[in-house]
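The values are calculated or read from the model by the stated rules, or taken from the named source; none is laboratory data. Quick caveat, the model's predicted, so the values are computed rather than measured. Using ideal geometry, Cβ is built from the backbone for each residue, glycine included, and neighbour counts are taken over all protein chains shown.
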Amino acid sequence: MHILKKLIFILFVFNATITNAQIGGPAIFSVDGDTVWGAEFERVFSKNDKTPDVRPTMAELEEYLDLYVRFKLKVKEAYTLGMDTNQNFIKELAGYRKQLAQPYLTDKTVTENLIQEAFDRMKSEIEASNLMIHLSPAASPADTLLAWNRINNWRNIISSGKKTFEQITRDSSTDDHGRKNEGRLGYFTAFSMIYPFENQAYNTKVGAMSVPFRTLYGYHILKVTDKRTSRGDLKVAHILIRVNNETEYEKNKPRIDAIYDRLENGEDFKSLVMDFSEDFNTRESGGQLNWLKSIGGAVPEDFKESAYTLKDGAYSKPVKTELGWHIIKRIEQKGSPKFKEVKESIKFKIGRDSRSELNKEAVLKRIKVENKFTINQTGWNAYLTSLNDTSLLYNWVPTAFHTSNTALFTIGDKTYTYSDFTKQLRGDAARKPNQDVTGFCKDAFESFADNMNFQYEESVLESKYDDFKYLMQEYRDGILLFELSNKTVWNKASEDTAGLRTFFEGRRDNYVWKPRAVTKSYVCSSKKSARKVKKYLKKDSSDKAILTAVNKDDALGVNIVYKTYETGQTDNIDHLDWNKSLHKIKDKSTNNKVFIRITDILPSGRKKLKETLGPVTSDYQKFLEEKWIEDLKVKYPVALYDGALNELFSDQK
């Protein structure tokens with residue numbers, strides 16, 4: 001039901017939207033005294049107009065007028081019933097509002113620049129090594145300085161030539177994996193690493209070292225060893241001989257070599273896959289794997305490197321990986337995608353990536369100015385100096401000073417107080433015993449102020465942007481109308497069995513069968529099976545006997561389909577002479593030969609309710625809808641203003 005609700009809701013929003021009354025233009029109609037003006041009617045009509053440059057005809061305007069009147073009647077009823085005060089409705093609308101607000105809380109220019117930057121970087125792949133010192137984001141200033149001095153000293157040693165990058169990494173890096181392989185990361189591209197790391201990699205020349213830089217994991221120095229054009233994706237197939245442990249590589253080497261020799265002697269790759277490959281998931285597809293990506297994924301690097309050295313159509317010598325022995329066949333290579341093909345996926349990734357902070361910073365800077373964000377510096381200084389080393393520990397109890405209504409900062413027309421900030425502090429993870437209280441509190445204040453700026457901006461979007469105001473009203477009314485229509489029409493039509501039966505009995509002549517042919521179709525997969533079927537049909541053999549005989553050597557030789565066709569349902573049956581019992585036709589979609597035996601002819605007659613439940617239910621819904629509209633027009637009188645439609649869209653030819 002939830003999916004159905006969404007689908008109906010989307011259709012509803014597209015076809016009949018509502019706004020707060022826009023006073024402008026002529027009065028078009030009123031519902032119980034509430035007037036719809038020309039400006040509103042033109043706006044909602046235009047959202048659904050497929051030819052916006054052409055003035056709509058009077059017939060089109062009158063048709064939409066009827067739809068919009070009906071819509072307004074239902075909206076009026078929903079609000080009269082107080083459905084907008086239901087807590088489930090309020091919660092659901094709040095969820096939609098959160099989603100709809102996001103485009104208004106992003107900076108379009110920053111987003112576009114980040115998308116373009118990521119797309120440009122995806123065209124190349126960087127090979128680099130990483131030397132690092134782990135450091136917590138909450139590290140003390142003393143620990144931070146110690147780590148900085150240490151990594152800066154390492155860089156000086158490398159630059160002086162006293163030791164190599166690899167030696168320092170092997171001996172001193174705090175990254176266990178890095179020490180083992182001298183910091184080598186292999187190749188990576190945009191979104192493979194966290195954004196600050198990626199930035200340093202793409203902004204450092206091949207053969208050079210970066211300056212020390214910090215990420216949320218600690219301090220790093222990067223050494224860029226190569227930069228190559230992105231290799232794109234590959235479609236490959238393989239033959240796999242698995243191994244379970246190191247000793248089995250040598251044991252299974254003769255097997256993979258024998259398969260390779262048979263390939264060299266001209267045997268078909270797909271046939272050898274079927275006969276020998278132990279990748280059972282790909283045997284039916286000739287060993288084909290999903291598209292192989294140059295960067296990332298679970299495919300072993302040895303496998304990738306071999307695949308990318310091949311030409312299309314060529315196969316490799318046996319390749320050893322952690323899975324076993326492979327023979328890889330390259331099928332085709334997919335080049336770099338076009339910008340428009342990946343723009344939306346890049347945008348999505350940016351929203352989940354640390355680079356989205358750049359967008360957040362740009363928006364924050366703008367809305368602080370627009371909403372007149374002002375800090376009470378004297379008040380903030382007083383709050384900060386009131387804290388001591390025992391403050392903000394787990395057992396800290398705020399004083400009356402910290403819970404007072406003293407102004408801390410203002411945003412627009414709203415004031416945020418000591419009390420507001422103290423509640424936030426107590427809700428956050430408490431300060432650790434060795435953590436600097438002033439630094440902790442400053443960070444908390446910055447985070448609190450930023451969050452409040454975003455919350456305030458979101459709360460005033462309706463007053464700042466008409467499009468958002470109208471969109472929210474559309475969603476609000478859409479949800480309400482779904483619930484009301486569901487209760488009044490859709491659910492009632494399917495649940496009110498007595499009403500449905502009464503509706504059906506009063507309209508029995510609307511639901512009748514046309515003459516019907518009861519058939520058996522013998523669908524033959526080949527000419528050979530068709531000849532056999534024809535022979536057995538002439539003998540008037542049983543269906544069981546036909547299936548047994550024809551499918552003995554070919555399991556798919558014949559299939560028997562039992563079906564009743566109504567006149568007008570399909571040309572294949574309508575064109576047959578129903579007086580003859582056996583017919584031979586050719587299925588145009590499959591080219592299969594089909595023998596059709598008409599076993600009975602049923603005359604026209606009234607349908608039973610169970611035989612036409614779907615159409616009856618649909619008609620009953622339409623009946624309930626019309627009756628509901630009639631009742632609403634009595635409850636909420638509608639007034640149409642003559643000639644008003646003639647004044648609409650006067651600026652269009």
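Laid out as a table, the results:
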{"item": "Qualifying strands (runs of 3 or more DSSP E) (wholly inside the range 577-642; at least 3 residues being not assigned by TED's automatic domain parsing to the domain that holds Val550)", "result": "638-640"}
{"item": "Gln435 being part of a loop (DSSP other than H, G, I, E, B) and either basic (Lys, Arg) or surrounded by fewer than 18 Cβ atoms within 10 Å (Cβ to Cβ) (or both)", "result": "yes"}
{"item": "Condition check for Asp540: out of contact with any helix residue (DSSP H, G or I) (no Cβ under 6 Å at 6 or more places or on another chain) and at positive phi", "result": "yes"}
{"item": "In the range 107-134, the residues that are surrounded by 21 or more Cβ atoms within 10 Å (Cβ to Cβ) and in contact with a Gly (Cβ under 7 Å, 6 or more places away or on another chain)", "result": "Ser129, Asn130, Leu131, Met132, Ile133"}
{"item": "Selection within the range 474-520 - in contact with a helix residue (DSSP H, G or I) (Cβ under 9 Å, 6 or more places away or on another chain) and assigned to a strand (DSSP E or B)", "result": "Trp513, Ala517, Thr519, Lys520"}
{"item": "Leading residue by the ranking (surrounded by the most Cβ atoms within 10 Å (Cβ to Cβ)) among those in the range 473-501 that are over 26 Å from Lys72 (Cβ atoms) and aliphatic (A, V, I, L, M)", "result": "Leu500"}
{"item": "Where a residue in the range 329-343 is outside the structural domain of Pro318 (by TED's automatic domain parsing) and more than 22 Å from Phe269 (Cα to Cα) and its partner, wherever it lies, is crowded, with 16+ Cβ neighbours inside 10 Å and among the β-branched types (Val, Ile, Thr), with Cβ under 8 Å and at least six apart", "result": "Lys343/Ile115"}
{"item": "Filtered residues of the range 296-315 (kept if out of contact with any Asp or Glu (no Cβ under 6 Å at 6 or more places or on another chain), within 30 Å of Met193 (Cβ to Cβ), assigned to a loop (DSSP other than H, G, I, E, B) and modelled with pLDDT of 90 or more)", "result": "Val299, Leu310"}
{"item": "Options Thr109, Thr144: the member that is within 35 Å of the chain's Cα centre (by Cα) and hydroxyl-bearing (Ser, Thr, Tyr)", "result": "Thr109"}
{"item": "Hey, Gly296 small (Gly, Ala, Ser), touching a residue at least 24 places away in the same chain (Cβ under 8 Å) and over 14 Å from Ile331 (Cβ atoms) or not", "result": "yes"}
{"item": "The one condition in (1) under 18 Å from Phe188 (Cα atoms); (2) within 30 Å of the chain's Cα centre (by Cα) that Lys338 fails to fulfil", "result": "(1)"}
{"item": "Odd one out for Ala530 among (1) within 30 Å of Pro615 (Cβ to Cβ); (2) in contact (Cβ under 8 Å) with a residue 40 or more places away in the chain", "result": "(1)"}
{"item": "The listed residue being of a type in the set (D, E, K, R), surrounded by 15 or more Cβ atoms within 10 Å (Cβ to Cβ) and out of contact with any Leu (no Cβ under 9 Å at 6 or more places or on another chain), out of Lys349, Lys414", "result": "Lys349"}
{"item": "Among (1) among the polar types (S, T, N, Q); (2) assigned by TED's automatic domain parsing to the domain that holds Trp380; (3) at pLDDT 90 or above, the one test that Ser485 misses", "result": "(2)"}
{"item": "Sole exception among (1) surrounded by fewer than 16 Cβ atoms within 10 Å (Cβ to Cβ); (2) of a type outside the set (Val, Ile, Thr); (3) not in a helix (DSSP H, G or I) for Glu341, by number", "result": "(3)"}
{"item": "Among the residues listed as Phe421, Phe401, Phe409, Phe440, the single one being closer than 30 Å to Lys108 by Cβ and either surrounded by 12 or more Cβ atoms within 10 Å (Cβ to Cβ) or assigned by TED's automatic domain parsing to the domain that holds Gln102 (or both)", "result": "Phe409"}
{"item": "Any hit, the range 237-251, residues being buried (at least 17 other Cβ atoms within 10 Å of the Cβ), at pLDDT 95 or above and not aliphatic (A, V, I, L, M)", "result": "yes"}
{"item": "Residue check, Leu392 modelled with pLDDT of 95 or more and outside the structural domain of Asp107 (by TED's automatic domain parsing)", "result": "no"}
{"item": "Matching residues, the range 268-309, being in contact with a Ser or Thr (Cβ under 9 Å, 6 or more places away or on another chain), under 21 Å from Glu127 (Cβ atoms) and surrounded by 14 or more Cβ atoms within 10 Å (Cβ to Cβ)", "result": "Ser294, Ile295, Val299, Pro300, Asp302, Phe303, Lys304, Ser306, Ala307, Tyr308"}
{"item": "Ile126, sole failed condition from (1) in contact (Cβ under 8 Å) with a residue 40 or more places away in the chain; (2) part of a helix (DSSP H, G or I)", "result": "(2)"}
{"item": "Residue match in the range 76-95 (condition: surrounded by 15 or more Cβ atoms within 10 Å (Cβ to Cβ), β-branched (Val, Ile, Thr), farther than 26 Å from Leu461 by Cβ and at pLDDT 90 or above)", "result": "no"}
{"item": "Test for Ile367: is it modelled with pLDDT of 95 or more, in a helix (DSSP H, G or I), on the phi < 0 side of the Ramachandran plot and not assigned by TED's automatic domain parsing to the domain that holds Met452", "result": "yes"}
{"item": "Failed condition for Asn451, given (1) free of Cβ contacts under 8 Å to residues at least 40 places away in the same chain; (2) over 29 Å from Gln102 (Cα atoms); (3) surrounded by fewer than 19 Cβ atoms within 10 Å (Cβ to Cβ)", "result": "(2)"}
{"item": "Qualifying residue in the range 164-173 (condition: among the aromatic types (Phe, Trp, Tyr), closer than 12 Å to Gly218 by Cα and in contact (Cβ under 8 Å) with a residue 40 or more places away in the chain)", "result": "no"}
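A quick yes/no check of all residues on (1) within 44 Å of the chain's Cα centre (by Cα); (2) within 23 Å of Gly605 (Cα to Cα); (3) at pLDDT 90 or above; (4) loosely packed, with under 13 Cβ neighbours inside 10 Å:
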residue	(1), (2), (3), (4)
Phe503	yes, yes, yes, no
Arg508	no, yes, yes, yes
Val512	no, yes, yes, yes
Val518	no, yes, yes, no
Tyr522	no, no, yes, no
Asp554	no, no, no, no
Tyr562	yes, yes, yes, yes
Gln569	yes, yes, no, no
